[in-house]
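The values are calculated or read from the model by the stated rules, or taken from the named source; none is laboratory data. Quantities reported herein were computed from a predicted structural model and do not represent experimental measurements. Quick reminder, even Gly has a Cβ in these numbers, built from the backbone with ideal geometry, and neighbours come from all protein chains shown. Heads up: the accessible areas ignore ligands, DNA and RNA and are worked out on the full protein's heavy atoms, side chains in. Shrake-Rupley method; radii C 1.70, N 1.55, O 1.52, S 1.80 Å.
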Amino acid sequence: MSWEVLTMRSAKSFFNGAIARSDLRRYWPVLFLYVGLWLLFLPIPVWNRAAERNPALVNLTELCADTYATAVVLALIFGGIMATAVFSYLMQTRSVGAMHALPQRRGTLFWTHFLTGWAMLAAGNLLVLAVTALTALLGGLALTPALLTWFVVATLLDLIFLALGTLCAMVTGWLLAVPVLYAAVNCLAVALTWLGQQLAELLLDGFTMPDVQPVITRWLTPVYQLICDLGQSGPKYSPFLTGKLPENYIQNADCVSGLTPQGWRTLLIFTAVALVLTVLSRLLYGRRKSELSGDAAAFSWMRPVFRLGVGLVGGLPLGMLLYVLVSVGRSGDFSPARLCVCMAVMGIVCYLAAAMLVGKTLRVLPKRLPGAAVTALVLVLLCVALRADVFGYAVRTPQAEDVVRARVYCLDTSFTLEDPQSLETLVKAQAELAENRAADVNYRRTFEVHYVLKDGTSMARCYRLAMTEPVKAALEQVARLEEVQTDVMFNGNVPPSGWQPTGGRLWLNAAGESRELTAEDEAAIALANTVPHLIVAVNKSDLPRALDVGALADRFDNVLSVSAATGAGLDTLTDAIAAQFPAGESTGGALLTNARQADAANRALSAVAEARGALRIGMTPDVVLTDCEAALAALGELNGKQVRDDLVDTIFSRFCVGK
């Protein structure tokens, strides 16, 4: 008698419809919420815009392009949720055992769950597309290719973040660990960059926070880079941060497809990365052991990586926090040695905590001591390398021909340089300041420069200044630049016609300190030469002076020395003022006779300055017009052509009218 054991053969298809329908029945609420949110962000605004304005003036391409940043955020959220949902069975021993007992290959199971999750999100996008098209037609709007572009963008974004979420689900056996790991992966590059910058500010000479995130940080943070390039936001597209918009700048709404070439490039790059991550997830799925469900790490090789990663990433912020706590109340300078000890201690603590989490036991000593020691050593070496500046960060300068513009903050002054010769002088001065920078952190005077380079990157340095002769010479080279004097004297505005700088000397602000003429003083002198009545009063006659009063006397007729502290010379000053304005003589022009009129004149001047500033940075005419109207309204308060309500109330409160 023979026995034959019959087994169920494994299907060879890469997709199983029954499993897909099961996922759809279980996770349709995710799809329902996804579609509901998209209806709020696209079809409803289209309908409202068409109802509020002439349909011929509504740009459907612009409306679709305005939702790209929203599409990134929704894809980030629902891509992670969908990945966690369709692969949640991997986190429970009974569920994974039942699923893997089905007569299906691992590949079939993986692709069925993954494609079902993506198809559900894509179907939601298709439904939103149909509703938006119907809404546009009912509102009298013409359909554009941008609507189809929106569908492609939203669907590819869903694929990108679904692939990232799937990879996170493959490497852990805890259900709650999947969203935590997913969030960590999306923020890891930004977090590490910020932590490194905080540490560098403490240890690295010449370091200052850059204007923008490094390129590698942006590309390792998909949500950040996608929002910047698809939604056209961030420093690259802000004239307030870069001084002007990028060359050949075009908006999404200007393109027939509704998305710029840069946006398509970024989207396709991340889509290609998503496909690679999906294949990697499939390989991990095939090698994942069912019995490891419930473990923090689904693969044995991940455990040392997890322990070391938690030790380093946790040791950085907690070490700096511990340093702050142990330094409270202590007098003295910054202590790099104390910081190294704090970093090492917290690195060891975080490493051992990760070992307990992975091993599911508190008994990790002495087995994990070598790994903890390695973690502490890496953190200490990082601190030492930054303190010693082994890579020459502080003395590194850009090539002058590679610089587009530079913003300088020196002492109490800031200015912008764009002229190539000025930039070359600045780069040379920076090199001199770097070589002669003050090592003592107690020096509070600083020289900070931020470069914008032609390749779109930025570079920033900050040096503490000890006012030695080489430092003064380098700073004076910069102070004598025409761009610097113009910017400082006229606050970035256009100087008067025919004005030319006459040179200047660097100044230091210190209480009770006499000093030479400053660039600000030179600005006042240049302006003073244009007025009909002028008295030059030089204060602090009771103190030794570095100022040459005789040089002022050669340039002005009435130069008086006074002392506000002792009162010396004040009577002479009073007589000089009386002589300039004899009683009974009219000075001509209009006089402001009360605080209200002075306030109106000041507001008008401020509004004009804002309008000129808006023109300089390329703002739209309607923004400039708003400032101009504010200036006219303020002037109207002086001649009575426009009276504010609060002024009317003031008039009626002071005078009895109609009695």
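Scattering from the stretch 313-366 was approximated by placing one identical point on each alpha carbon and applying the Debye formula without solvent; log10 I(q)/I(0) at 0.16, 0.23 1/Å stands at -0.53, -0.81.
From the square roots a ≥ b ≥ c of the eigenvalues of the alpha-carbon gyration tensor of the stretch 286-328, which class results: rounded (a/c under 1.5), prolate (a/b over b/c), or oblate? Write down the numbers at each step before the final one.
Numbers: a/c = 6.76, a/b = 3.90, b/c = 1.74.
Judged from the Cα gyration tensor, the stretch 286-328 comes out prolate (a/c at least 1.5, a/b above b/c).
Please give the per residue accessible area of the stretch 74-125, computed with a probe of 1.4 Å over protein heavy atoms only, in Å².
Details: 1740 Å² over 52 residues.
That works out to 33 Å² per residue.
Karplus-derived 3J(HN,Hα) values for the stretch 125-135, using 6.51 cos²θ - 1.76 cosθ + 1.60 with θ = phi - 60°, are 4, 5, 5, 5, 4, 5, 5, 5, 4, 5, 4 Hz; glycine and proline are entered as x.
The order of the peptides 27-33, 341-347 by mean Cβ neighbours within 10 Å, most packed first, is 341-347, 27-33.
Of the trypsin sites (Lys or Arg not before Pro) in the stretch 373-461, the ones in a loop by DSSP (not H, G, I, E or B) with at most 15 other beta carbons within 10 Å are R396, R444, K454. Here's how it looks for R445: its modeled amide H is under 5 Å from those of L465, which are all 5 or more places away or on a different chain. Ignoring any ligand, DNA or RNA, what whole percent of the accessible area of the stretch 253-399 comes from carbon and sulfur when the probe is 1.4 angstrom? Ligands and nucleic acids excluded, carbon and sulfur reach 71 percent. When a/c reaches 1.5 or more, the comparison of a/b and b/c decides; with that in mind, is the stretch 155-231 rounded, prolate or oblate per its Cα gyration tensor? It is oblate, given that a/c is not under 1.5 and a/b is not larger than b/c.
Put the Cα centre of the stretch 76-145 next to the Cα centre of the stretch 178-200 and the gap is 28 Å.
Could the peptides 38-47, 304-313 be put in order, highest first, of the mean number of other beta-carbon atoms found within 10 Å of their residues?
Working: 38-47: 17.8, 304-313: 19.4.
The most tightly packed comes first, giving 304-313, 38-47.
Taking amide H positions as modeled 1.01 Å from N, with prolines and chain starts lacking one, the residues under 5 Å from R405 and 5 or more places away or on another chain are V452. A simple packing score, the average count of other Cβ atoms within 10 Å per residue, orders the peptides 66-79, 271-284 as 66-79, 271-284, with the highest score first. Coupling constants for the stretch 213-223 follow from the phi torsions by the Karplus curve (6.51 cos²θ - 1.76 cosθ + 1.60, θ = phi - 60°), and in residue order they are 5, x, 4, 5, 5, 5, 6, 8, 10, x, 4 Hz; glycine and proline get x.
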